[in-house]
Amino acid sequence: MEKTVSGKVIELVIGDITRQRVDAIVNAANSTLLGGGGVDGAIHRAGGPLILEECRAIRAVRGECPTGEAVLTGGGGLPARYVIHAVGPVWRGGDQGEPALLASCYRNALRIAAEVGFQTVAFPSISTGIYGYPLERAAPTAIATVAAFLSLETLAPSRVRFVLFDPVTFATYAGALEAL
Ligand code: AR6
């Protein structure tokens, strides 16, 4: 499923983000940047030790990556050329700034992509796994934030793909994209 926003495409697929041949995939990382479970674990396993080495180097210079922000590394052995590590919020009931932080991590990932000139970027469903963000709340925020960025920023990627791991996540994002 896909939709065009100001000449740029938002596309939804069911799949494994580690298999995507794009300029950059986005990792649902944590502030330590040192890896973890879920999609983060899968990306580090599939991409090999080079990605973690680069994360450690970034940490040594800048310290931890605050929630809502993102950093860039190479893609190691992945088909994707780069990985943008974005830190989504842990769900704490919804009144701790979670929607703004979730939107900010999509925007900051896209800002890096625009700065470097990436044309194709793939996102997972940030925060809706281990971090417990309710899917039906995260999907509209994710879709609306990406759509707004694509329509406002001329240098934004021409194609943003959401790579959703299971049919329920796919269906929820599809509903949000249809409603846009
Ligand atoms: N491709 C695409 N999506 C995936 C994949 C994959 N290979 N594997 C899992 N997902 P999560 P979070 C989906 O938990 O909630 C880590 O420990 C998954 O089904 O990976 O942001 C980090 O280090 C779900 O829909 O990320 C952090 O500590 C979505 O990706 C913490 O988890 C996000 O689930 C981040 O938690």
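Every number here is computed from the coordinates shown, using simple stated rules; none is lab data. No experiment lies behind these values; they were computed from the predicted model shown.
Below, the figures for the structure above:
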| read-out | value |
| --- | --- |
| The chain - mean residue ellipticity at 222 nm from DSSP helices (-39,500 (n - 2.57) per run, n ≥ 4, rounded to 500) | -13500 deg cm²/dmol |
| Normalised contact order of the stretch 11-88, rounded percent, pairs of Cα under 8 Å and 6 or more residues apart | 41 |
| GNM top mover of THR141, THR154, THR32 - the chain, alpha-carbon springs below 10 Å | THR154 |
| Rounded to 5, percent antiparallel among DSSP beta bridges of the chain | 35 |
| Estimated D of the chain in µm² per second, where Rh is the Kirkwood radius over Cα pairs and Stokes-Einstein applies at 4 °C, 1.567 mPa s | 82 |
| In Hz, Karplus ³J(HN,Hα) per residue of the stretch 106-119 (6.51, -1.76, 1.60; θ = phi - 60°; x = Gly, Pro) | 5, 5, 5, 5, 5, 5, 4, 4, 5, 4, 7, x, 5, 9 |
| Rg and Dmax of the stretch 1-108, Cα atoms only, in Å | 14.5, 41 |
| Long-range amide H partners of THR128 with built H, under 5 Å | TYR133 |
| Within a Gaussian network of the chain (alpha carbon springs, distance under 10 Å), most fluctuating of ALA80, ALA100, ALA156 | ALA100 |
| For the stretch 2-179: relative contact order, % (alpha-carbon pairs under 8 angstrom, 6 or more apart) | 30 |
